[in-house]
Amino acid sequence: LLNVRPGGIYVDGTLGGGGHSAEILRRLGGTGHLYGIDRDADALAAATERLGNAENFTAIRGNFHDVKALLAAQGVAQIDGMMVDLGVSSYQLDTAQRGFSYHADAPLDMRMDQRQTLTAAQIVNTWEKPELVRILRDYAEEKWAVRIAEIILEHRAKKPIETTGDLVACVDAAIPKKIRMQDSGHSARRTFQALRIAVNDELDPLKQALEDMVDLLAPGGRLAVLTFHSLEDRIVKQTLRTLANPCTCPPKIPVCICGKKPVVRVLGGGTKPSEDEVARNARARSAMLRGCEKL
């Protein structure tokens, strides 16, 4: 989808362990340059160890939401392609002490950038009920948002909610066992998703970030975006669709008078993983890949 061209300038906005970057570098064949961005110091260290010998690779600590400023600091004003793999990484999920997983009892952290002060523990122990309900509904579409928020307030009035296990216990107490047994996944997964998104401010800046990425692309340059839940995918789908068809004229007007011209063409309707891929990697089951090409 990226159509990596030797000699091009590319960006991996979510470097992680460097898997996608390794493939981009392989296709560049020692030419051009790849910039890898991540706000997680552990991810940068792992990726640098894996890719650091490549002379045409530069790791940057930062948030892809700030891609324009980060690349400007490197003297880069235009790129030939960029990809972002949204959400939490496998490394973050598998490292229990980071607090992203409901499968292991660990400090309730969830920060992708450990330089920031806001943690999941601070949210559940200090935010008021309306705010807790809002993030559970807006960021996870949790039907039991009100009851979960009430249980969290009851729990923290007696003892601070300090670990992932404490939070799972709150969710279990809020959702009847009969309902939890009918859930296709862990009943706490939506609560953990909502908190992670709130801690790392993942959704609100996404639309503007996508527009900035497209703005950086040279004509013919491509953007590829991997999402892992419907809220992210909806923002990506709608943003790309608007960039491809920005006209705001009433449908009955025969000639466009708003003057807004398409900026990209959307590449297909979105790609889901095959059954074989999901069998090899269960975490791929909810993935959706979308892309566009700059006109």
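Brief remarks on what is shown
- Odd one out for ASN63 among (1) under 28 Å from THR191 (Cα atoms); (2) free of Cβ contacts under 8 Å to residues at least 12 places away in the same chain: (2)
- Any hit, the stretch 194-216, residues being β-branched (Val, Ile, Thr) and closer than 25 Å to ASP109 by Cα: yes
- Looking only at residues in the stretch 202-223 that are touching a residue at least 60 places away in the same chain (Cβ under 8 Å) and either among the charged types (D, E, K, R) or open to solvent by 20 Å² or more (accessible area, probe 1.4 Å) (or both), the one that is nearest to LEU289 (Cα to Cα) is ARG222.
- Scope the stretch 67-83; condition out of contact with any Ser or Thr (no Cβ under 7 Å at 6 or more places or on another chain), free of Cβ contacts under 8 Å to residues at least 40 places away in the same chain and not aliphatic (A, V, I, L, M); matching residues: GLY75
- Residue satisfying all of: in the stretch 240-263; of a type in the set (Lys, Arg) and either within 19 Å of LEU289 (Cβ to Cβ) or in contact (Cβ under 8 Å) with a residue 12 or more places away in the chain (or both); least open to solvent (accessible area, probe 1.4 Å) among these: LYS260
- Considering the stretch 26-46, the residues that are of a type in the set (A, V, I, L, M) and under 24 Å from LEU210 (Cβ atoms) include one that is surrounded by the most Cβ atoms within 10 Å (Cβ to Cβ), namely LEU34.
- Only a single criterion out of (1) open to solvent by less than 40 Å² (accessible area, probe 1.4 Å); (2) at pLDDT 95 or above; (3) not charged (D, E, K, R) is not satisfied by SER187, namely (2).
- Whichever residue in the stretch 2-16 is farther than 19 Å from ALA72 by Cβ and buried (at least 18 other Cβ atoms within 10 Å of the Cβ) and, among such residues, is farthest from the chain's Cα centre (by Cα): VAL4
- Residue ranges of helices (runs of 4 or more DSSP H) in the stretch 194-284 with at least 1 members closer than 25 Å to ILE9 by Cβ and out of contact with any strand residue (DSSP E or B) (no Cβ under 7 Å at 6 or more places or on another chain): 206-216, 230-244
- Selection from the stretch 71-97 of residues that are open to solvent by less than 30 Å² (accessible area, probe 1.4 Å) and touching a strand residue (DSSP E or B) at 6+ places or on another chain (Cβ under 6 Å): ILE79, GLY81, MET82, MET83, VAL84, LEU86
- Pairs linking a residue in the stretch 272-295 that is farther than 19 Å from THR239 by Cα and touching a residue at least 24 places away in the same chain (Cβ under 8 Å) to a residue that is part of a helix (DSSP H, G or I) and open to solvent by 70 Å² or more (accessible area, probe 1.4 Å), with Cβ atoms under 9 Å and 6 or more positions apart or on different chains, do not occur.
- For the stretch 23-41, the condition holds for at least one residue, the condition being that it is under 24 Å from SER286 (Cβ atoms) and over 17 Å from the mean Cα position of the chain (by Cα).
- Odd one out for GLY268 among (1) over 25 Å from the mean Cα position of the chain (by Cα); (2) surrounded by fewer than 12 Cβ atoms within 10 Å (Cβ to Cβ): (1)
- Residue in the stretch 224-239 that is open to solvent by 50 Å² or more (accessible area, probe 1.4 Å), over 19 Å from LEU86 (Cα atoms) and not charged (D, E, K, R) present: no
The values are calculated or read from the model by the stated rules, or taken from the named source; none is laboratory data. For clarity, every value in this text was computed on a predicted model and none was experimentally measured. When we count neighbours, we look across all protein chains shown, and the Cβ atoms used for this are built from the backbone with ideal geometry, even at glycine. These accessible areas exclude ligands, DNA and RNA; they are computed on the full protein's heavy atoms, side chains included. Shrake-Rupley method; radii C 1.70, N 1.55, O 1.52, S 1.80 Å.
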